[in-house]
């Protein structure tokens, strides 16, 4: 696959990784997949107890509900180019509204979703006209969690959360949760058994060369911003890939004013 097509794919893959954690969405290199743990170190908890501890660890429900916008910037790896990264800016507004910009070779790729409809501009592929989201992209955007992440408002969103055992992720015991969405889709999320922060999460599968490939994002290097916890390092992997793509967050701004025009149809 060409570099330009890889970048186009990464736009969607990283969007899943970024938004999937409620921040601001290739398994990590040979960290392979989470493995079943025989450790008895973690106490047995119900899904509701794990979710409650996760919400508390992330800063609490009240604090998160006061968040209306998030603005995140940093750099992400480019496929096929050793040690080369592209700057990105992700702006999010409650209601699943978002704008993702990725810069490469003096050009800016833009994806905008207004909560209902999405548009994209992909100069990397030589496409200078604004295009609408494909049906698959629209489905992915509409199913992404809001600013709070996938667990905080699960019941209200019609998502059932079930405890699914304990697994080792990156050398640590984690609680595995199964998320069953209203449309029947199933995802998994792994919660660190010590910090109760998200360790890994499944993303929306990506279709490539006629195959549906699983996307998984690992969250690392959590830091507090205005009392809320955000992962400042992410590694997104595509099933069958030998290498994860790393994303490094440099800044997170909470409740920064974002003009509605930036979250509307591209002109």
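Nothing in this text is a laboratory measurement; each read-out follows from the coordinates by a stated rule. All figures in this text were calculated on a predicted structure; none of them were measured in a lab. Ideal geometry is used to build each Cβ from the backbone, glycine not excepted, and the neighbour counts take in all protein chains shown.
Couple of notes before you dig in:
- Exposure proxy ranking for 130, 186, 166, based on other Cβ atoms within 10 angstrom of each Cβ and starting from the fewest, stands as 186, 130, 166.
- Note on residue 157 and residue 66: the extension gain reaches 30.9 nm, defined as 0.36 nm multiplied by sequence separation minus the Cα-Cα distance.
- Each label point was placed 7 Å from the Cα along the Cα-to-Cβ direction; for residue 73 and residue 266 their separation is 2.0 nm.
- Alpha carbon centroid spacing (whole Å) that separates segment 89-120 from segment 45-88: 17 Å
- Of the residues 58, 223, the one with the fewest other Cβ atoms within 10 Å heads the list, and the complete ranking is 223, 58.
- Look at the Cα gyration tensor of segment 128-267: its axes a ≥ b ≥ c give a/c under 1.5, and that counts as rounded.
- Calculated FRET efficiency, residue 209 to residue 253, Cβ-Cβ distance, R0 = 45 Å: about 0.70 to the nearest 0.05.
- Residues listed by number, segment 39-80, amide nitrogen under 18 Å from residue 194 label point at 7 Å toward C-beta: 39-44, 54, 57-58
- Ranked list, fewest to most other Cβ atoms within 10 Å of each Cβ, for 88, 124: 124, 88
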